[in-house]
Amino acid sequence: SSGINAEWPLRPGSNLFKIHYLMAGLVCAKFLASVLHSIDFYFIGTHGRPEEAWVILWYIIHLVRGLLLFISLALIGMGFAFVKHVLSSNEKMVLMTVVPLQIIANVAYVIIDSSEEAEVNYSTWKKILIFVDLLCCGAIIFPVMWSIRHLQQATERSDNKTSLILSQLKLFRQFYVLVVVYIYITRIALQFLEVILPFQYTWCKILLEEITTIVFFTVTGFKFRPYIQNPYYKLVDADENDLEMSHIPDETERDTLRNRAARLESSDEEV
């Protein structure tokens with residue numbers, strides 16, 4: 001999906017927003033995290049222990065990746081930069097909730113990763129990690145549901161842009177299904193596999209997680225790519241045209257019109 005996002009800025013007439021850079025940054029962070037994790041496993045396999053410098057760097061990139069993931073999903077679900085440029089109070093509250101929860105989740109992950117299963121704190125922090133992570137997943141679903149409800153209401157009220165709103169509504173519903181499936185596989189199905197799989201087949205869990213992430217990133221990047229035919233941008237252009245047609249003069253323009261009318265009246269009286 002980073003390739004998808006990187007290709008469209010070169011096309012004339014494409015719609016590139018700041019959130020596309022955020023999405024590209026997320027893919028880069030995911031790539032770096034995977035590389036650093038591989039280096040960590042290399043040192044464990046060759047020297048029997050991890051190198052602290054690489055482990056610390058991996059934890060930092062892992063934290064950045066988690067923050068970028070949930071912030072990007074929340075902003076896409078809110079339609080930010082695509083159809084609106086101002087967030088509501090509820091949407092700001094979602095972002096203010098997701099960020100600290102993700103920090104807590106990553107702290108729990110670091111403690112779990114650096115401790116043994118037999119330790120007392122391991123079970124406690126693992127429960128905290130699962131609970132906080134599920135809270136974050138639930139928090140990013142709400143903005144998508146709000147956007148779908150808003151578009152359904154707009155479809156009932158609108159007459160001249162119904163087809164555009166329906167296209168956008170379809171896109172949001174597809175994104176909702178994508179998010180739900182991604183959360184179900186990475187947060188529920190993987191936990192189930194971890195319990196039932198023998199130790200020699202635990203790699204299947206990591207493989208499933210990586211495949212699911214690649215598919216999710218690719219499909220999301222393709223559907224919300226900066227392309228001129230995307231239903232998002234059609235609606236934005238239509239809204240801007242409506243605003244231009246329905247321009248209301250401000251106080252300064254009204255004063256200018258009054259002065260012109262007064263000058264016209266005075267010139268008529270002199271004649």
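On the given criteria, is residue 109 within 18 Å of residue 183 (Cβ to Cβ), surrounded by 13 or more Cβ atoms within 10 Å (Cβ to Cβ) and over 16 Å from the mean Cα position of the chain (by Cα)? Taking the combined requirement at face value, the residue satisfies it. For segment 112-133, residues that are under 19 Å from residue 66 (Cβ atoms), without any contact (Cβ under 8 Å) to a residue 60 or more places away in the chain and over 16 Å from the mean Cα position of the chain (by Cα) total 10.
On the given criteria, is residue 64 under 16 Å from residue 217 (Cβ atoms), in a helix (DSSP H, G or I) and hydrophobic (A, V, I, L, M, F, W, C)? Criteria met by residue 64.
Taking each residue of segment 14-39 that is free of Cβ contacts under 8 Å to residues at least 60 places away in the same chain and more than 27 Å from residue 207 (Cβ to Cβ) and looking for partners that are part of a helix (DSSP H, G or I) and of a type in the set (Ser, Thr, Tyr) with beta-carbon atoms closer than 8 Å, six or more apart or interchain, yields 22/72. Whether any residue in segment 28-41 is at pLDDT below 90, touching a Pro at 6+ places or on another chain (Cβ under 9 Å) and open to solvent by 70 Å² or more (accessible area, probe 1.4 Å) is what I want to check. The answer is yes, given that some residue of segment 28-41 is at pLDDT below 90, touching a Pro at 6+ places or on another chain (Cβ under 9 Å) and open to solvent by 70 Å² or more (accessible area, probe 1.4 Å).
Residue count for segment 68-94 satisfying the condition of being of a type in the set (A, V, I, L, M, F, W, C) and at pLDDT 85 or above: 10.
The values are calculated or read from the model by the stated rules, or taken from the named source; none is laboratory data. Model, not experiment: these values are computed from the prediction. All Cβ positions, even for glycine, are placed from backbone atoms using ideal geometry, and neighbour counts span all protein chains on display. Only protein heavy atoms, including side chains, enter the accessible area calculation; ligands, DNA and RNA are left aside. Shrake-Rupley method; radii C 1.70, N 1.55, O 1.52, S 1.80 Å.
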